[in-house]
Structure formats: structure tokens, C-alpha cells
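Student: Could you have a look at this structure, given as C-alpha cells, before my questions?
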Amino acid sequence: MKLFNIWTITKKNLNQMKRDVRMIGLSIFAPILVTALFGSVFGGDITNIKVIVINNDNNFEDNISTQISDVVALDPKIQYNITFDPNIARVAVNNNYSQAAIIFPSLFTENLLLGKETQIELYVSYENPDLAEYIISLFQISYTQVLETYTGGSNFSVLIFPVHEGIPGPLPEFINVSLCNNDIGWTKGKLSDEILKILDENGKLKLIFSNDLNHSETLVEKGEIRAILIFSENFTYEMLTKKEINLQVKLDGAEPQSCLVIMSLLTSSLVEAFSDEFDKSMFNINEYYFNNPDSTEKPIKSITYFTPAILCFIVFFFSFLLTMLAFLRERNQGTMERILTSPLTRGEIILGYILSHSILSIVQATSVILTTFLIFGAQIEYTVLSLIQAYLIIYLVVIGALGIGIFLSTLAKTEFQILQFIPLVIIPFMLLSGVWAPIETLPDWLQPISQFIPLTYANQAMRDILLRKESFLDVPIALIILLTFAVMMIALGIIKLDKKLK
Amino acid sequence: MELAIEAIGITKKFGGHGKGPFKKPIVEALKNVDFKVKSGENYCLLGPNGSGKTTLIRCVLGLLEGEGSIKLLGYDIPKQRNKIIQKIGYMPQETSLYSDLSVKETLQFFARIFGLKNREHRNKAIETILDVLKLKEWQNMIVENLSGGMKRRLSLASSLVHEPELILLDEPTVGVDPKLRLTFWDYFNELNKKGATILTTTHVMDEAEKSHIIGFMRDGRLIAEGSIDELKKRIPKYRKLTVKTTIENTESIGSLISKECDLEVVPSQFKIEVFYDDNSMLEPILELIKNETKIQEIITTEPNLEDIFIHFSNKKEGSIDK
């Protein structure tokens, strides 16, 4: 193994790349485009939520109902359709023309001001639970804001009618949630248990009981556990005396999708358990998010979440593809025959390739990081140390990709066959390695498969380093697996790149 | 004399894998070939397309694995190949160049992989080969833009830039114009004079004559080898005497000659052909003819390679003529 020989191969590859200006341009532009698409498609907020308002409230000139609906309308996402027939509204929600319908009864303002009992009906389509939660909370905020100016308006209730219940989309099979139940209860028993029972029956959350809050917090910060539910000592007491539900949730902000699921499950179980006895406006969930440098009130932006995984994926994809094609070309144009009859060893050939391709990959990784930072403002760790570690992981990914590329190129005789390998390798790698959503959102039977995909570990390690401020020392297993994979693939490549023509 | 190439009992089969209806037919490309090239020889493998020349060269280089034992410059192939690989220059049949490198970059690459580490030494070697093969003015051109002939020259230069001792050239002159072809062969002979052992393959008869030793290949067998003179002599009655006469019917003279001298005679109109091998036979034959008729023209011909090849090709399979 001589450095001179390795560099000879690298230099030749670089000379070839240098000639192909369009290839260089594309290899920088393509990751930018891919990242931009990822960022735009998955990073966007919900917009244009259609809500119908049925306002039968006609008593006074100044309707409180109008005030409430005006506040709701302040939200830029809300699109109003106003109608006066409650049935039309219900049908609209049923048929998904509208995501929600708010129905004010006819004597709403009067009853409210006279202290008589009155009821708002809220029909919400639960086809997208996140959206439903969003509408409900928006509505709650709006009426609380309006009613603050009126005294004595405590005699009304909101009836929520969920329509189209069903949970679509990638919902996790299990999400690890830590639980701190300090609720000492009351004579009636612990009311917190009722919530836990519902969460447990739902089966989506795997509840782990713990009393060590600090330890739990570090676990969440490290991403090993997704959230902590904290019931205060006075949970039951406050519920019974003040009719208030106070609950604290600390979540791993680096997993925005899991956060959403946890929060929506929590809210729905609260509603299920207590909506008969308690006013929903008194449900008070205090959320705290770790691992978000911008805010502790919300999880990180989707683009921030995707960036580390996009880095790994793009680098893997391009080096894998370019290697396969480069080796096929060497064989088809006969230059492999010349190299194989030269003193170069197979290891030197492969290392030379690794060197030249990693230069390309690092350029691509940098263009991804710059795109996410400059265009989408992704908040990953931009410290020198974490970036160096990120690049080292990229290096391991490149080596692995090269090995697979060389191996598969020996199995293919033509470009057409090479093309068939792309979906075979890339699609499982893309879908099962947790680029879009955490592994736990995969169906049960697919989760073990993703454990065999090295990119899973690369994504995990990359997220730990770039989102959770961790270092190599915190992700030893992922590193060992990546290294083993890289070494194995290179060995396979060397074996397959026999000094013989077949 | 030392042997540069010593290949014994080389058999190479292609195909044969797969099962049932998918089984590929077995093609025997080389059938128990014994092949030796002495050090300093200029050897040419001659044979029609598909006779196994390329397969033999690839086997000798260890690029293909077949049965039999091979030694190059005294070392076992493929086991000890690393020891002598630097001394071997191989030019594949196809052009085999990186189309997106420049001429100079190509030569730099091949010089480097063949261990010319010293920059000055390397540059000098490249300069020399550029000069010899008249590529100097094109040295910064991209290979893709070169003409076919220039690509062949560059391909040759790439194989020879490290001044190998043993040069294996697989059909070096395919697609090369006659003038360049002569230059190539002159160059090969020059290298040979400087001490390099050269093995070429070709299917063009005239070219092979430029080599010292010719090996005929046919259907995966080496059917004959030797210098041209040796090969000619191995054909019985290989010389042909054609005598043009004034009489039309030469049959009586023909039967007379074949009776007297015990030679094969082909009489035809105004012409008589006699096959012989010893020049001392000429006088009695001509004497016999002169007695019968007036001689108008005498032509003696030696067989060309084609005749030799046809002669050996017609021999029974399996018998290797040495």
C-alpha cells in the first residue's frame, strides 16, 4: 500500500472531474435542490384551514360570538365560510369541505350576559389530529381572550364533536415517555391514574415510571426518551378544588413529529377522561422543549430536523451512484484491464477512489449545510467541533457507499442493470433509515429491518451531534457499526475487484 | 536461452455455468496450448479472428484463469506476478484510454501506476515516447478529440512509457493506416534490438513477416511455430516452378517429368507447373522440357505465409508441427 499509488488514482479521478464542469456544477446544485425541496415540502406550516361559523346569535348589536369569531379569524391560517344553517355546516365537516364548524346558539350573548347556561358546538374533523388539536386550542384561546372582558361569563360550555375519527399518517407504534407522577391524590384516589389508564390503553406510548426527574431530563436531552409527563403533588387536589388541570410535559424538541403525536395523544386522553366534569378551558398543559436552541416552547423546525439526515442521505446516494458508474466505465472502456495489469494493488485503487469521492462528498455536504442555514435558517450546531465530527461521519458513510457501489458494479454488466440497483438500494435506505420520520413511526415488522441499514446509525449519530450537542463519545455504538460496515464493504469491494477479468 | 514466456498445457473454457435450460454452452477457447517465447525474441501470433490469440495473451498475463502453468520472466503467474509486473507492457486490443484526460495526463497516469516515481525520470520518459510516436504537438489535447490513429499511438505509448522488458501487444495495428503501421513495426523492431521481448498478435499475414518467429493459431490450438524460412521448409515440395511453353498440350512432358524426377506436376495449356524443394532439381527438369519444346518464360515462386498457413491448417488436428 503506497501513498504515491493511491494519490495517482485520486489525481486521475480529480483530473477527470475537473474536465466535467457540468458534473461538478450538478453535484453542487443537485444537493441544494434536494434540500430545498425537503425544506419546502416538509418544513411548511399548516395553511388555509377552512372553518365554518354558524352565528345564530342575534340578540344584541354587539355580539360576543362575533367578537370570538373575529379573534379566531385573526389567525392567518383560518379561512372563514359563514353560513346560517347548522346542518350545512355539519355536512361540510362530514364531507371534508371544511375542517371545522363553530355553531353559536341563538341567544348566546344574552344568555352569557344574564348568566344563563349556554353552549357552543364545535365540530372538528379529526382526519388530521394535529390540525384538530390546533383548531381546538385556537378556539379556546380566542374565547378566553374575549370573555376576559366580561364578568360572570362562566356559565357556558363548549361541546366538541369530533368527526372522522381515525389516525392517519405515520403515527408511531411506540414512543418512549417518561412519567413523573407526583400526584399524591385525594380521598377519591389519584385522578392522574385515569389519564394514564387511557394513555396505556391507547398503546402508542410506552410509559416508564420514574421518580428521578433529573435523570429523566438527561435521558430526554440525549434523545433516548421522547418526553416526561410530570404530575405535580397537587394534581388531584387542584382538580378537585380549583377545577384546574395542571400538567407539565417536557419533550425532546429534536423529534418534532414525536412531540406532535405525544401532545395530541395527551390532549385527547385528557378530553376523554375529564371533559364531562371539567371545563376544557381549564386544561392547562405546560410544555417544555429540550434541544431547541431557539425556544423552549416548541420543537425544532422540520428543516432543522431533516438537515442531519439529508446530509447523510445525499452523500450516501451520490457516492454510491457515482462509484457504480465510475467502476462500470473503467471496465467497459477497458482501462480496468490496464490498471489490473499494473503494479497497483486493489486496496490502492479503492483507497484512491475513496479519497477523490470524499472530496466531492464534502463539497456536497457543505452545500447542503449552507442551503439549510442560509435559505431555511436551520438551527443545527454550527460549532467547529460538531461540524468536524459531522464530516467524519460523512466520511464513514462515503466509504460504506463506495464499497457497496464497487460490489454492485461487479454484479452489473451494463448501465441498464446498474439502474435497477438504484431503487433496490436507495429506496429502502431512504425510507427505513429515519430520514423523514423517526424509526418508531415505522410499522412493527419494518423496525428490525431498519436496524440492519447502516444509514440508520449515521442519521442517529448525526442528529445526536448536530441537534443534541453530543459528541463522538456519546454515540460509540453507532460509530462502531458505521466503521464495521465501512470496513466490511471495502473488504467486499476488494474481493470482488479481483485481479482477473471474468 | 532464457524463456520470457513459458506456458504449458493452457486450456481455457468459457461458459458452462447455469443449470438446465439456462446452461450456457461451453466454448473451448484454448485447447492444451504449449507456448514459449525466448528472451529477446520478436514473436508474432498469427491466426484468424476467434482463433484464441487474445485469450492466450490474457491467460499469459493472468487476467484469465485457465488450466496449465504459466511463467513470465521465470516467475509463476499469477502467484508471483507482483515481482515482474512492472517489467511488462500490455496493450489491450481495444483502445482502452480515459476519454476525458489529456494526452499528457494519460501518460502521466500510466507512468505513475507503473512505478515511475521520480518526477524528472517520469517526465523524460514521457517526452521520449511523445517524440517517438509523434504525439508531441497533441500533448494537451483531450483524448476524446483525437483521431483514431492518434488514439492508437497514445494507447501504445501508454503501454510502453515505463520501458518494459516484455511487451505484449494485442493487435496493435488494427485500424491503423498502412504508413503508420510501418512506423509501428519499425518501432517494435527497434525496441526488440534494444533488448525487449515482443509478443504481438495479428490476423494480417503480411505484418507477421516482420517478426522473427511466427506462431500459427487456429481453433484454440497453436498449429505451428518457427521463423518464416523454417516454416517454408517444413512444407514438402514447397517451391513452385512455372514454365511457359510454345506447345499447347503439355501433358506428355508432364508425365515424363513426374516419371523421371518423381515430382508433382500440373500441366495446363502453354504452361507447366512443377513442385520441388531442392534447387538442384531445377536443371534436369528444365533439360527435359527443353528437349520437348521451346521455353518462353521461367518463374520460380516461394510460398507466402498464406500458403504456409493453409498448409498447416489442413493438417490433422492435434498434431503440432515444430
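The values are calculated or read from the model by the stated rules, or taken from the named source; none is laboratory data. The structure presented is a predicted model; accordingly, all values stated were derived computationally and were not measured. As a convention, Cβ positions derive from the backbone with ideal geometry for all residues, glycine included, and neighbour counts pool all protein chains shown.
Student: Pick from the stretch B:48-74 the residues that are part of a loop (DSSP other than H, G, I, E, B) and within 11 Å of chain A (Cβ to nearest Cβ): which of them is surrounded by the fewest Cβ atoms within 10 Å (Cβ to Cβ)? Can you show your working first?
Tutor: Within the stretch B:48-74, the subset part of a loop (DSSP other than H, G, I, E, B) is B:48-52, B:62-66, B:73-74.
Checking which are within 11 Å of chain A (Cβ to nearest Cβ) leaves us with B:62-66.
Numbers: B:Gly62: 20, B:Leu63: 19, B:Leu64: 21, B:Glu65: 13, B:Gly66: 20.
Per the stated criteria, the residue is B:Glu65.
Student: Got a number for residues in the stretch A:91-121 being touching a residue at least 60 places away in the same chain (Cβ under 8 Å) and either at negative phi or hydroxyl-bearing (Ser, Thr, Tyr) (or both)? Walk me through it before giving the result.
Tutor: Our first condition is that a residue be touching a residue at least 60 places away in the same chain (Cβ under 8 Å); within the stretch A:91-121, this holds for A:93-94, A:96.
From what is left, the residues that are either at negative phi or hydroxyl-bearing (Ser, Thr, Tyr) (or both) are A:93-94.
Qualifying residue count for the region: 2.
Student: Further, regarding this structure: In this structure, is A:Ile394 assigned by TED's automatic domain parsing to the domain that holds A:Met488, under 28 Å from A:Glu224 (Cβ atoms) and at pLDDT below 85?
Tutor: On the way: assigned by TED's automatic domain parsing to the domain that holds A:Met488: yes; under 28 Å from A:Glu224 (Cβ atoms): yes; at pLDDT below 85: no.
No, not satisfied.
Student: Given the structure, is B:Val161 crowded, with 19+ Cβ neighbours inside 10 Å and within 11 Å of chain A (Cβ to nearest Cβ)? Explain how you work it out, then say what you get.
Tutor: Details: crowded, with 19+ Cβ neighbours inside 10 Å: yes; within 11 Å of chain A (Cβ to nearest Cβ): no.
It is false that B:Val161 is crowded, with 19+ Cβ neighbours inside 10 Å and within 11 Å of chain A (Cβ to nearest Cβ).
Student: Right, here's the next one. Does A:Leu207 fit the bill of being in a strand (DSSP E or B), at pLDDT 75 or above, under 26 Å from A:Glu238 (Cα atoms) and not charged (D, E, K, R)? Even if it seems obvious, please write down each step before you answer.
Tutor: Details: in a strand (DSSP E or B): yes; at pLDDT 75 or above: yes; under 26 Å from A:Glu238 (Cα atoms): yes; not charged (D, E, K, R): yes.
So A:Leu207 passes the test.
Student: Okay, next question. Scan the stretch A:412-456 residue by residue and report those that are free of Cβ contacts under 8 Å to residues at least 60 places away in the same chain, outside any loop (DSSP other than H, G, I, E, B) and over 19 Å from the mean Cα position of the chain (by Cα).
Tutor: Across the stretch A:412-456, the qualifying residues are A:Phe416, A:Gln417, A:Leu419, A:Gln420, A:Pro423, A:Leu424, A:Pro448, A:Ile449, A:Pro454.
Student: In the stretch B:262-271, what residues are surrounded by 13 or more Cβ atoms within 10 Å (Cβ to Cβ) and either charged (D, E, K, R) or within 15 Å of B:Asn291 (Cα to Cα) (or both)?
Tutor: Taking the stretch B:262-271 first, the residues surrounded by 13 or more Cβ atoms within 10 Å (Cβ to Cβ) are B:263-268, B:270-271.
Correct list: B:Glu264, B:Lys271.
Student: Can you tell me which residue within the stretch A:334-358, out of those that are touching an Asp or Glu at 6+ places or on another chain (Cβ under 8 Å) and at the interface with chain B (Cβ under 7 Å from one of its Cβ atoms), is surrounded by the fewest Cβ atoms within 10 Å (Cβ to Cβ)?
Tutor: Among those that are touching an Asp or Glu at 6+ places or on another chain (Cβ under 8 Å) and at the interface with chain B (Cβ under 7 Å from one of its Cβ atoms), it is A:Gly334.
Student: To continue, here is another question. Whether any residue in the stretch B:208-228 is assigned to a helix (DSSP H, G or I) and within 16 Å of B:Asn42 (Cβ to Cβ) is what I want to check. Walk me through it before giving the result.
Tutor: If we filter the stretch B:208-228 for residues that are assigned to a helix (DSSP H, G or I), which is where we start, we get B:208, B:228.
Add one more test, that the residue is within 16 Å of B:Asn42 (Cβ to Cβ), and what stays is B:208, B:228.
Yes - at least one qualifying residue is present in the stretch B:208-228.
Student: OK, next. Tell me, yes or no, whether the stretch A:295-311 has at least one residue that is at pLDDT 90 or above and either among the basic types (Lys, Arg) or over 18 Å from A:Leu419 (Cα atoms) (or both).
Tutor: Initial filter on the stretch A:295-311 (at pLDDT 90 or above): none.
No - not one qualifying residue is present in the stretch A:295-311.
Student: Which members of the stretch B:75-97 meet the condition of being of a type in the set (Ser, Thr, Tyr), closer than 21 Å to B:Leu156 by Cβ and either more than 14 Å from chain A (Cβ to nearest Cβ) or not in a loop (DSSP other than H, G, I, E, B) (or both)?
Tutor: Initially, the stretch B:75-97 is screened for residues of a type in the set (Ser, Thr, Tyr), giving B:75, B:90, B:95-96.
Among the residues that remain, those that are also closer than 21 Å to B:Leu156 by Cβ are: B:90, B:95-96.
B:Tyr90 - this is the single residue of the stretch B:75-97 that is of a type in the set (Ser, Thr, Tyr), closer than 21 Å to B:Leu156 by Cβ and either more than 14 Å from chain A (Cβ to nearest Cβ) or not in a loop (DSSP other than H, G, I, E, B) (or both).
Student: Among what's in the stretch B:98-138 and is exposed (fewer than 15 other Cβ atoms within 10 Å of the Cβ) and either hydrophobic (A, V, I, L, M, F, W, C) or in a loop (DSSP other than H, G, I, E, B) (or both), pick the residue that is nearest to the other protein chains (Cβ to nearest Cβ). Even if it seems obvious, please write down each step before you answer.
Tutor: Just the residues of the stretch B:98-138 that are exposed (fewer than 15 other Cβ atoms within 10 Å of the Cβ), to begin with: B:117-121, B:124, B:127-128, B:131, B:134, B:136-137.
Those still in the list that are either hydrophobic (A, V, I, L, M, F, W, C) or in a loop (DSSP other than H, G, I, E, B) (or both) too: B:117-118, B:134.
On the way: B:Lys117: 6, B:Asn118: 11, B:Lys134: 22 Å.
Per the stated criteria, the residue is B:Lys117.
Student: Would you check which residues across the stretch A:297-333 are within 14 Å of chain B (Cβ to nearest Cβ) and either among the charged types (D, E, K, R) or on the phi > 0 side of the Ramachandran plot (or both) and list them?
Tutor: A:Arg329, A:Glu330, A:Arg331, listed by residue number.
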